[in-house]
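The values are calculated or read from the model by the stated rules, or taken from the named source; none is laboratory data. If you're wondering where the values come from, they're calculated on a predicted model, not measured in any experiment. A quick note on method: Cβ atoms are made from the backbone with ideal geometry, for glycine too, and the neighbour counts reach across all protein chains shown.
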Amino acid sequence: MAAEVLSGAGCTVTVYDRMPSPARKLLIAGRGGLNLTHSEPLARFVARYGAAAQRLKPIIEEFPPQALVAWAEGLGQPTFVGTSGRIFPKSLKASPLLRAWLARLAKQGVVLKTRHDWQGWDGTGALVFKHEGESVRVSPQATVLALGGASWPRLGSTGAWASVLRQRGVDVNPFKPANCGFTVEWSDPFRRFAGEPLKGIAITFDGATVRGEAMITVKGVEGGAIYALSATLRDGIEREGRATLTLDLRPEMREADLEARLTRPRGGDSLANFLRKTLALAPVAINLLRETHGAALAHDPHTLAHQIKALPLTLTGAAPIDRAISTAGGIALDALDENLMLRALPNVYAVGEMIDWEAPTGGYLLQATFATAVHAARAIVSNSAPSRPRR
């Protein structure tokens, strides 16, 4: 995105990529339909960035969701708004957009060099790349670093750049998993439900409630509703060593209504069959009740209704960072000026997930990544006029 803005302004641009082909993380996002952004009001949208919201606000206002949608449609990829307000390309794929994008960049003169692994700078200030066993040096007028966080390392974002920047006096905060799953100490019998979804639930933690879906894994739990609370859950575990959230297995029903249904005659049904027939609880939900309460699982309607509406689930840790969708940590916001230039390194800019901000899934990750790239590129163009920089 930075290359597009710069080359469109007449700059000579080269993109160096460590991997054999570009945009691998974008292609992975395409497997989930490529959630580009979100349609909610901008004030609510910006608030999703938590502690970084005020810093990102003018950057996202400069390149808001409407601009990202227009950009995608300009590449021949019409979009639609899903029932949750998320915005996707109608193709629900990244590859058609990427092909059109690379063609546009090539037409604008952008050069793409793959298998170039950035090593830092040499004593003269030149960028150093390792390429096919050789050392390549480049001396641009401006550099945009877009090196990602530390999740999905097999796609290229290893976070190895952090030590290089720290050595240059840049404040880089430790990486943490974001939009991640969590570990739970399941019993061996319950692990057979790994891969089963808990649908239509509500999760509450630290005063916030999210409705959606979660997935049981062999080692714990993950899924959209969990990801939405992952930052506060992760921080709670860091403070206390564990975090206990509350699951509502039937959020669309009041506890009194549940109790009324549970007073119906059971006949010869087992408790599991009774819950399945009366409340349409799935086997995974019924067995989660058993897993959590054990012998204390109630049979009287009043207590059982409460247990279904307020099931405590204790998380013991966050899933490994290489399995997280995204990461928190990275370059401290204070280490960047208003143009996203590193204060310690003139004419070096940082964009995207390598900056210390985080957001839930829902289009917020791609939106901020693209917006920061646009912001930095426009600053380079503005600051370099009338001469044109090389990158």
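Taking only the stretch 127-159 into account, find how many residues are exposed (fewer than 14 other Cβ atoms within 10 Å of the Cβ) and either modelled with pLDDT of 95 or more or more than 25 Å from the chain's Cα centre (by Cα) (or both). Can you show your working first?
Step one: filter the stretch 127-159 for residues exposed (fewer than 14 other Cβ atoms within 10 Å of the Cβ), giving 132-135, 137, 139, 154.
This time we only want the ones that are either modelled with pLDDT of 95 or more or more than 25 Å from the chain's Cα centre (by Cα) (or both), so: 132-135, 137, 139.
Residues in the stretch 127-159 being exposed (fewer than 14 other Cβ atoms within 10 Å of the Cβ) and either modelled with pLDDT of 95 or more or more than 25 Å from the chain's Cα centre (by Cα) (or both): 6 in total.
Residue-level analysis places residue 272 outside the set of residues that are assigned to a helix (DSSP H, G or I) and at pLDDT 95 or above.
Kindly evaluate residue 59 against the criterion of being at pLDDT 95 or above and either surrounded by 19 or more Cβ atoms within 10 Å (Cβ to Cβ) or in contact with a Leu (Cβ under 7 Å, 6 or more places away or on another chain) (or both). Explain how you work it out, then say what you get.
Details: at pLDDT 95 or above: yes; either surrounded by 19 or more Cβ atoms within 10 Å (Cβ to Cβ) or in contact with a Leu (Cβ under 7 Å, 6 or more places away or on another chain) (or both): yes.
In short, yes.
Taking the stated definitions as given, is residue 246 of a type outside the set (Phe, Trp, Tyr) and at pLDDT below 95? Criteria not met by residue 246.
Listed by first and then second residue, the pairs with beta-carbon distance under 6 Å, at least 6 apart or on different chains, first residue in the stretch 89-103 and farther than 19 Å from residue 15 by Cα, second among the small types (Gly, Ala, Ser) and part of a loop (DSSP other than H, G, I, E, B), are 92/33. Restricting attention to the stretch 297-337, the residues that are without any contact (Cβ under 8 Å) to a residue 24 or more places away in the chain, in a loop (DSSP other than H, G, I, E, B) and assigned by TED's automatic domain parsing to the domain that holds residue 373 total 1. The set of residues in the stretch 229-272 being touching a strand residue (DSSP E or B) at 6+ places or on another chain (Cβ under 9 Å), more than 30 Å from residue 51 (Cβ to Cβ) and basic (Lys, Arg) consists of 250 alone. Please specify each residue of the stretch 62-82 satisfying the condition of being under 17 Å from residue 2 (Cα atoms) and of a type in the set (D, E, K, R). Answer for the stretch 62-82, where residues must be under 17 Å from residue 2 (Cα atoms) and of a type in the set (D, E, K, R): just 62. The set of residues in the stretch 92-121 that are surrounded by fewer than 13 Cβ atoms within 10 Å (Cβ to Cβ) and either in contact with a Lys or Arg (Cβ under 6 Å, 6 or more places away or on another chain) or among the aromatic types (Phe, Trp, Tyr) (or both) is empty.
Only one of the numbered conditions (1) part of a helix (DSSP H, G or I); (2) farther than 24 Å from residue 110 by Cα is violated by residue 360, and that is (1). Taken over the stretch 2-42, residues that are surrounded by fewer than 22 Cβ atoms within 10 Å (Cβ to Cβ) and either part of a loop (DSSP other than H, G, I, E, B) or of a type in the set (Phe, Trp, Tyr) (or both) amount to 16.
What is the residue count in the stretch 233-259 for residues that are buried (at least 20 other Cβ atoms within 10 Å of the Cβ), within 28 Å of the chain's Cα centre (by Cα) and among the hydrophobic types (A, V, I, L, M, F, W, C)? If you could, list the steps in order and put the result at the bottom.
Residues of the stretch 233-259 that are buried (at least 20 other Cβ atoms within 10 Å of the Cβ), as a first pass: 233-234, 243, 245, 247, 249-250, 258.
Now drop any that are not within 28 Å of the chain's Cα centre (by Cα), which leaves 233-234, 243, 245, 247, 249-250.
Now narrow it down to the ones that are among the hydrophobic types (A, V, I, L, M, F, W, C): 233, 243, 245, 247, 249.
The qualifying residues number 5.
Taken over the stretch 222-258, residues that are within 14 Å of residue 177 (Cβ to Cβ) and among the β-branched types (Val, Ile, Thr) amount to 3.
One residue is enough: does the stretch 43-50 have a residue meeting the conditions surrounded by fewer than 17 Cβ atoms within 10 Å (Cβ to Cβ) and of a type in the set (Lys, Arg)?
yes
Across the stretch 266-289, not a single residue is classified as under 36 Å from the mean Cα position of the chain (by Cα), among the charged types (D, E, K, R), surrounded by 15 or more Cβ atoms within 10 Å (Cβ to Cβ) and under 19 Å from residue 204 (Cα atoms).
Have a look at 69, 5 and point out the one that is β-branched (Val, Ile, Thr) and more than 30 Å from residue 135 (Cα to Cα).
Numbers: 5 fails: more than 30 Å from residue 135 (Cα to Cα).
Every option except 69 fails the conditions.
For the stretch 167-187, how many residues meet the condition of being of a type in the set (Lys, Arg) and assigned to a strand (DSSP E or B)?
First, pick out the residues of the stretch 167-187 that are of a type in the set (Lys, Arg): 168, 176.
So of that shortlist, the ones also assigned to a strand (DSSP E or B) come out as 176.
Here the count works out to 1.
Given the conditions (1) surrounded by fewer than 16 Cβ atoms within 10 Å (Cβ to Cβ); (2) part of a helix (DSSP H, G or I); (3) touching a Gly at 6+ places or on another chain (Cβ under 9 Å); (4) of a type outside the set (Gly, Ala, Ser), and given that residue 164 satisfies all but one, which numbered condition is not satisfied? Every condition holds for residue 164 apart from (1). Restricting to the stretch 319-351, and then to whatever is touching a Cys at 6+ places or on another chain (Cβ under 9 Å) and surrounded by fewer than 23 Cβ atoms within 10 Å (Cβ to Cβ), can you tell me which residue is nearest to residue 175 (Cα to Cα)? Once the filter is applied, the top-ranked residue is 321. Being over 26 Å from residue 157 (Cα atoms), among the β-branched types (Val, Ile, Thr), in the same structural domain as residue 378 (by TED's automatic domain parsing) and crowded, with 17+ Cβ neighbours inside 10 Å is a description that applies to residue 79. Before we move on, is residue 52 assigned to a helix (DSSP H, G or I) and at pLDDT 95 or above? Yes: the conditions hold for residue 52.
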